[in-house]
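Structure first, commentary second.
Bear in mind that the values in this text are calculations on the coordinates, not laboratory data. Source: prediction; values computed, not measured. Cβ coordinates were reconstructed from backbone atoms using ideal geometry, including for glycine residues, and neighbour counts include every protein chain displayed.
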Amino acid sequence: MAVPSSNGHRSTRHLENGVSAAEFREVMGHFATGVTVITSIDADGEPVGTTANAVTSLSVDPPLVLVCFDLASTTLQAIRGHGAFVVNVLAAPQQHLSANFARRGLAAAWDGVQHRRGPTGSPRLEDVLAVLECTVEHALPGGDHEIIVGRVRHAETSANANGPLVFFRGSYASLTDQDLPACG
């Protein structure tokens, strides 16, 4: 039952059943996230990738990141086998890459996607804002997802002057130049 609160927000009450998947997605959609493409190679040495926004820094010493994958993800299976992956941080004009790699299975076409292999052999997308090349440190259960903790082996930013691609309330957004801090 949605109940208006005094501040105008809607809240949902669940006494015994908890929060539904739809309600959880709705609320989490109000948390703006960056957009990444996680890439690796499969058992045949072919590139694979998936769009992910469940990515966060975990530790500075040692440098660790956390990435969550649907259990059915072909990219997750490739990472399990290869033991390495790249977090490619997308720029605002790269919505097409996000959409391409958001498709299920091997439908994410690599034709026309500029990339090169990094030190671990995983694909690094060209002209992204930043890359974190990682090896798998831990794999943990996470409900209908698996949590992969990666040790960052190489990190770099690019000269790409665009702001980040952001996902908010089910849509893409970007930060304008006025929103970005000055580099220096």
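Quick look at the values:
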read-out	value
Principal axis box of the stretch 84-139, alpha-carbon based, largest edge first, Å	30, 25, 18
Förster radius 22 Å - calculated FRET efficiency between Glu126 and Ala72, Cβ distance, rounded to 0.05	0.20
Cα gyration tensor shape for the stretch 30-172, rounded if a/c is under 1.5, else prolate or oblate	rounded
Förster radius 45 Å - calculated FRET efficiency between His154 and Ala22 (Cβ-Cβ, nearest 0.05)	0.70
